[in-house]
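Accompanying notes for the structure given below.
The values are calculated or read from the model by the stated rules, or taken from the named source; none is laboratory data. Just so it is clear, the model here is predicted, and its values are computed rather than measured. Methodologically, a virtual Cβ is constructed for each residue, glycine included, from the backbone with ideal geometry; neighbour enumeration extends over all protein chains shown.
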Amino acid sequence: MRILIYSEFFYPSIGGVEDTSSALASVLVELSHDVCVFTRTSLGDSPELCGVGYTIVRSTAKSCLFHFIRDSDLVISKGGVAAFACFFALIACKRFIVWHEMAGNIVSISQRSLGRALVNRIISRRSVLHVGVSSAVLHSLGITGNIRSEVVYNAASGFDLVNERFCPSLREFDLLFVGRLIEGKGVFVLAEALKILANEGCSYSLCIAGDGAERLNLEKMFLDVPGMVVSFCGSIDKVRLTRIFARSRVLVLPSTTHPEGMPVVIAEAFTFGLPVIGSNQPAIVETIGEAGVSFPSGCAVELSRMIRWILDNNEVEEELRRAAILRSERFSSARFRQRVSEVLDRVTR
């Protein structure tokens, strides 16, 4: 089957949609489909991906997009409703799937975004299937009841294949944060929590893997946290990130205003047996399950209490570690491949 994946954001851009679009394309190739990824993301100075098994088309021309949709058997709008991709699929009489990555806006909705949401909803009603990366995503978007939908959790792609190379006992960092350094990811809440712990006489080590607009401000904040060892790694490749996962004890995901769909970083942490402390966004709570704890979003006091409860209690940490390893199966590459195959069977039968 000829499948077109429309992903507005793609390599060399860095982000969850980019990574999961690549993972989906690779799985579809493994399932013997002819796959094309159509994206508006330009290469810039980066080299094109080679040997991936699928075609990559980079264009902002709507006529080019329509041409490739017309020649496809199935269109997948990755990351949510892409209005033109879905509309072109409709007028070309092609089946299309909307693959939702992000929960509905958890803050205020402007008049403009509300109008766009209504248009997208009208178009998406004609989708043969809505796929959400968590139940929370589908629920937040109002995709319930009679609307055909499936939940397909993102995989910790690649990480579940290298875990055994590292010794879980070699722990260097007490806490690990992985993600963009923006306010909506709760990085300042984490800094405040560590300040509270420092005032209580606690001394923990933190590794921050990622970069963003708030890095300099965050570095300044941590200068005022005595006794805490904080390492900024910046944006790093997967090989280096696996080593950091293997040398960490607990992942912290304190997202505030940034709406999470199904944070892949949680699945990656489980692969290495890391418990997770996350804010109480529904998608984060759903993904963590019994392999970690949650705290009220934005509450540094509660986050500090959760950190201390796990790191200062060996029994609790070990119990959560075992739960994380068990839960990692839900986010394995094999499970993802199976679910994608089941989705295709459902829309083609």
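Of the numbered conditions (1) out of contact with any helix residue (DSSP H, G or I) (no Cβ under 6 Å at 6 or more places or on another chain); (2) at pLDDT 95 or above; (3) over 18 Å from residue 22 (Cα atoms), residue 55 satisfies every one except a single condition; which is it?
(3)
For residues that are at pLDDT 90 or above and either over 16 Å from residue 58 (Cα atoms) or assigned by TED's automatic domain parsing to the domain that holds residue 185 (or both), scanning just region 6-27, find the one that is surrounded by the most Cβ atoms within 10 Å (Cβ to Cβ).
Per the criteria, the residue is 24.
Check 241, 274 and return the single one that is crowded, with 22+ Cβ neighbours inside 10 Å, of a type outside the set (Ser, Thr, Tyr) and in contact (Cβ under 8 Å) with a residue 40 or more places away in the chain.
The match here is 274.
Which residue, of 246, 267, is in contact with a Lys or Arg (Cβ under 9 Å, 6 or more places away or on another chain) and surrounded by fewer than 24 Cβ atoms within 10 Å (Cβ to Cβ)?
Selected residue: 246, the only one of 246, 267 that is in contact with a Lys or Arg (Cβ under 9 Å, 6 or more places away or on another chain) and surrounded by fewer than 24 Cβ atoms within 10 Å (Cβ to Cβ).
Going through region 52-64 one residue at a time, which ones are part of a loop (DSSP other than H, G, I, E, B) and either over 18 Å from residue 1 (Cα atoms) or aromatic (Phe, Trp, Tyr) (or both)? Write out each step before concluding.
Our first condition is that a residue be part of a loop (DSSP other than H, G, I, E, B); within region 52-64, this holds for 52-54, 59-61.
Result: 54, 59, 60, 61.
Given the residues 316, 301, 265, which is the only one that is assigned to a helix (DSSP H, G or I), closer than 30 Å to residue 76 by Cα and of a type in the set (A, V, I, L, M, F, W, C)?
Numbers: 316 fails: closer than 30 Å to residue 76 by Cα; 301 fails: closer than 30 Å to residue 76 by Cα.
It is 265.
Can residue 69 be described as under 19 Å from residue 337 (Cα atoms), in contact with a helix residue (DSSP H, G or I) (Cβ under 8 Å, 6 or more places away or on another chain) and modelled with pLDDT of 95 or more?
no
Among the listed residues 242, 257, which satisfies the condition of being part of a helix (DSSP H, G or I), at pLDDT below 95 and of a type outside the set (A, V, I, L, M, F, W, C)? First the steps, then the outcome.
On the way: 257 fails: part of a helix (DSSP H, G or I).
On inspection, the qualifying residue turns out to be 242.
A quick yes/no check of all residues on (1) part of a helix (DSSP H, G or I); (2) more than 23 Å from the chain's Cα centre (by Cα); (3) surrounded by 13 or more Cβ atoms within 10 Å (Cβ to Cβ):
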position: 36; (1), (2), (3): no, no, yes
position: 44; (1), (2), (3): no, yes, no
position: 50; (1), (2), (3): no, yes, no
position: 66; (1), (2), (3): yes, yes, yes
position: 80; (1), (2), (3): no, no, yes
position: 93; (1), (2), (3): no, yes, no
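Hey, can you tell me all the residues within region 154-196 that are on the phi > 0 side of the Ramachandran plot and at pLDDT below 95?
Across region 154-196, the qualifying residues are 158, 179.
Return yes when residue 103 is crowded, with 17+ Cβ neighbours inside 10 Å, modelled with pLDDT under 95 and part of a helix (DSSP H, G or I) and no when it is not.
No: the conditions fail for residue 103.
Could you list, in sequence order, all residues of region 176-216 that are under 22 Å from the mean Cα position of the chain (by Cα) and either within 14 Å of residue 227 (Cα to Cα) or not assigned by TED's automatic domain parsing to the domain that holds residue 234 (or both)? Spell out the reasoning first.
Going residue by residue through region 176-216, those that are under 22 Å from the mean Cα position of the chain (by Cα) are 176-190, 206-215.
Result: 206, single match.
Filter region 1-34 down to the residues that are assigned to a helix (DSSP H, G or I) and not aliphatic (A, V, I, L, M) and list them by number.
16, 18, 19, 20, 21, 22, 26, 30
Can you name every residue in region 211-231 that is part of a loop (DSSP other than H, G, I, E, B) and either touching a Gly at 6+ places or on another chain (Cβ under 9 Å) or more than 18 Å from residue 199 (Cα to Cα) (or both)?
Once the filter is applied, which keeps residues that are part of a loop (DSSP other than H, G, I, E, B) and either touching a Gly at 6+ places or on another chain (Cβ under 9 Å) or more than 18 Å from residue 199 (Cα to Cα) (or both), region 211-231 yields 211, 212, 213, 214, 227.
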